[in-house]
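Shown next, in structure tokens, is the structure this report addresses.
None of the figures in this text is laboratory data; all of them are computed from the coordinates on show. Everything quoted here is computed from the prediction, not taken from an experiment. Don't worry about glycine lacking a Cβ; one is built from the backbone with ideal geometry, like all the others, and counts go over all protein chains shown.
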Amino acid sequence: MSSENNVHLKGTFQHEEYRAADDIEPAMLIELNSDGEVIPHSTEGGRAELLFAEINVLNGEDMEDDYEDDDLVMCNLELAGNRVQLILTAGEDVDIGDMLISAGDGQVIENGNEDSSTTVVQIIATALEALDLSASGAVDGLIEARLMPGA
């Protein structure tokens, strides 16, 4: 499991800042709502900007420090090919090279593990490390991944 203390690992990105309209964890895939605030990406397998919550290092915070409603969220608008850390949902068992999609809650799951009624329209990333969170009592974990071009 990746243990870097930042979301962005390699590549070029654009820094942006938005107000949170919900609780947000660093490394979450996020989206803008109709008020111009950020929320966890809400569509399983859906189309997404490569917009991620970054750690608020300017306030001395780390990966464990979440943003709360109305906080100013440090965001990275990433490019395809960049390496980042993402939050893999507990219950997943991912190998290197597996494709990851939005879980619909700001986290990612392996493509193929989505609900049967979901139509996947965008692969978010390719796993660059194996991570098995399928054991009983497992919790969400960070996984290093390479971002894919949008659909």
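Take each of the peptides 53-64, 68-79, average the number of other beta-carbon atoms within 10 Å over its residues, and list them starting from the highest.
Working: 53-64: 14.7, 68-79: 16.5.
Result, highest mean first: 68-79, 53-64.
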Dimensionless Rg/Rh of region 52-151, both radii on Cα and Rh by Kirkwood, sits at 0.98
Classify region 65-104 as rounded, prolate or oblate from the Cα gyration tensor: take a ≥ b ≥ c as the square roots of its eigenvalues, call it rounded if a/c is under 1.5, otherwise prolate when a/b beats b/c and oblate if not. oblate
Residue-count net charge about residue 17 - beta-carbon cut-off 14 Å; Lys, Arg +1, Asp, Glu -1: -4
Based on Cα positions only, what radius of gyration and what Dmax would you give for region 8-78, in angstroms? 11.4, 33
Which of 77, 90, 134 sits closest to the plus end of the dipole of the chain, meaning its Cα is farthest towards the positive end, when Lys and Arg get +1 and Asp and Glu get -1 on the C-beta? 77
